[in-house]
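Peer 1: Here it is, the structure in full.
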Amino acid sequence: MHVIAGLLAGWVAVYLAFGGYLIRRWFVEGRQRVYLVLAGASLMLAVYAAASAVYHVVETPGLGNLCTRLQTSLATGAVVPMLFSFALDFAGWRGRRVEIARWTVGGVGLALAALIAAGLAFDPERPVVLRVAFGDLEGAYHDFAPTPLVAVFAIFDVGAILASTAIVAREAVRNRVGAGPVAGGLILFLAATTSDALVINGAYDFLYLGEHVYMLLVGSFVYTLFERSARLAVELRERTAQLEAAHRDLEAMHADLRRSYDSLEVAQRELHETERLADLGRMAASLAHEIRNPLCVLSNVSAGLRRELDRTGATADQRTLLGALRDEVEHLERLVNDLLAFARPNRRSRTRASLAMVADQAILAVVSALPDPDRYEVRREYDDPPPKATIDLDRVRHALVNLLLNACQAMPDGGPLTVFVGRGDRPGEARIGVRDAGCGIPAEDRERIFQPFFSTKPSGTGLGLSIVRAIAEDHGGRVECESTPGAGSTFWLHLNDGSGTAGAGDGPRAGREAPG
């Protein structure tokens, strides 16, 4: 019997450890009552197993009966009601009737435990020796004979454990995850409890099994906890992967929204700029028409005065004043023409022409108008063969004339003037470049030079580069500026060559091809 006592002492340590583990789970997992109740049952069973270990080695009926009374009182008043409560909580049963059943079983168990502790379950006048043989193990229990109250205690214990087993088994039948192992542990514990009830009532001699088989119930619940933890870990990994994928999708969506917002912001700025330019165009057209008629009168008066002075003779002062009048009238005429070009660009039929030819025509127009063209060294760097594009010849020539005039004005003392004609840096695009060796454009002015009416020249209208940009955009292209202060500037006029790969903006086309 000392071997059984030693085994029971080991169970005491196991039940204490399991009770502590369940209390920890109770704190960690939201203080669920199922953990606390089973922890209490395990701790009570540790005391039960300790008393049982002593019961196996005592040799007097009085001491043996003291251990029996302690065991049966703990089993009836604590362990069995706690297991019943554990079954209710494990199954998730709630409600008023469930609470009534819980407190009824607990109350009856405490009442029976009190009667057993008072010594009413055993007859002290009738000592007995229960002899046990289990394989190679033989021994004897020293105790007193049971009274009818022990039968009541046995029926209560077996009935409560049977009810607990039925509750958990019902959940197992419903395929509740983890209920099967716990139901199996309760079934084995029910069998052990029934055997112990028969033994204590003298039906036959055998070892008490409850304190040993309870270990199987503990193991089944531990298995369920580990299974639940593993399942939660898998679900957590899957949910984490889903959240990471959702996070990546949100980041991509945020990036798309950011790009859309930036595009919308650019479009809004362009819309405001377009509206502002439209207002300026209407105002410029109105002013140009109002100024044109008085200019025609002034031009006629100037011509008449010049003819009259040529006929009658004029003094030097008169000729100087007449020249100044003629220059200012011409300046105003250029301003009116620029305003009209800016306000209402002509949309003529377009012709497929060689850009080298257009560049040569613009160079000839500018050089022939310069007072001292010999100071400028015109250099041509054209691709061979030079590209062609479907363009409005007059407007593109006008844009190049503006760029060439600006380049000459940037070099008042003369210098090299380089003109480039070649393929653009984008598919379906051609470009013409004009480079000067002037003083360059300051960085703070580089973003403003294409704005209407911005000019750094005292007599400039501020519309030349705006017109160049409008012509480039009307041809599905753009204009760019490269400038280094002190080293000169290069303006690039990019045009859609009409191949259909560089964007819209070609407009109507003529059905002929210019020479060149």
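The values are calculated or read from the model by the stated rules, or taken from the named source; none is laboratory data. Bear in mind that the values here come from a model prediction, so they are computed numbers and not experimental data. Every residue, glycine as well, gets a Cβ built from its backbone with ideal geometry; the counts of neighbours run over all protein chains shown.
For (1) closer than 19 Å to Leu149 by Cβ; (2) surrounded by 13 or more Cβ atoms within 10 Å (Cβ to Cβ); (3) free of Cβ contacts under 8 Å to residues at least 60 places away in the same chain, each residue gets a yes or a no:
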| residue | (1), (2), (3) |
| --- | --- |
| Arg97 | no, no, yes |
| Ile100 | no, no, yes |
| Leu112 | yes, yes, yes |
| Ala118 | yes, no, yes |
| Phe122 | yes, yes, yes |
| Glu125 | yes, no, yes |
| Val128 | yes, yes, no |
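Peer 1: Say we look at segment 167-206 and pick out the residues that are part of a loop (DSSP other than H, G, I, E, B) and more than 47 Å from the chain's Cα centre (by Cα); which of these is surrounded by the fewest Cβ atoms within 10 Å (Cβ to Cβ)?
Peer 2: In this case the residue turns out to be Tyr204.
Peer 1: Taking the stated definitions as given, is Ser368 farther than 22 Å from Pro485 by Cα, assigned by TED's automatic domain parsing to the domain that holds Ala487, of a type in the set (S, T, N, Q) and outside any strand (DSSP E or B)?
Peer 2: Yes.
Peer 1: Considering (1) modelled with pLDDT of 70 or more; (2) within 30 Å of Asp384 (Cβ to Cβ); (3) out of contact with any strand residue (DSSP E or B) (no Cβ under 7 Å at 6 or more places or on another chain), say which one Leu322 fails and leave the rest.
Peer 2: (2)
Peer 1: Of everything in segment 366-378, what is of a type in the set (A, V, I, L, M, F, W, C), surrounded by 14 or more Cβ atoms within 10 Å (Cβ to Cβ) and more than 60 Å from the chain's Cα centre (by Cα)? Give them in sequence order.
Peer 2: Listed by number, the residues that qualify are Val367, Leu370.
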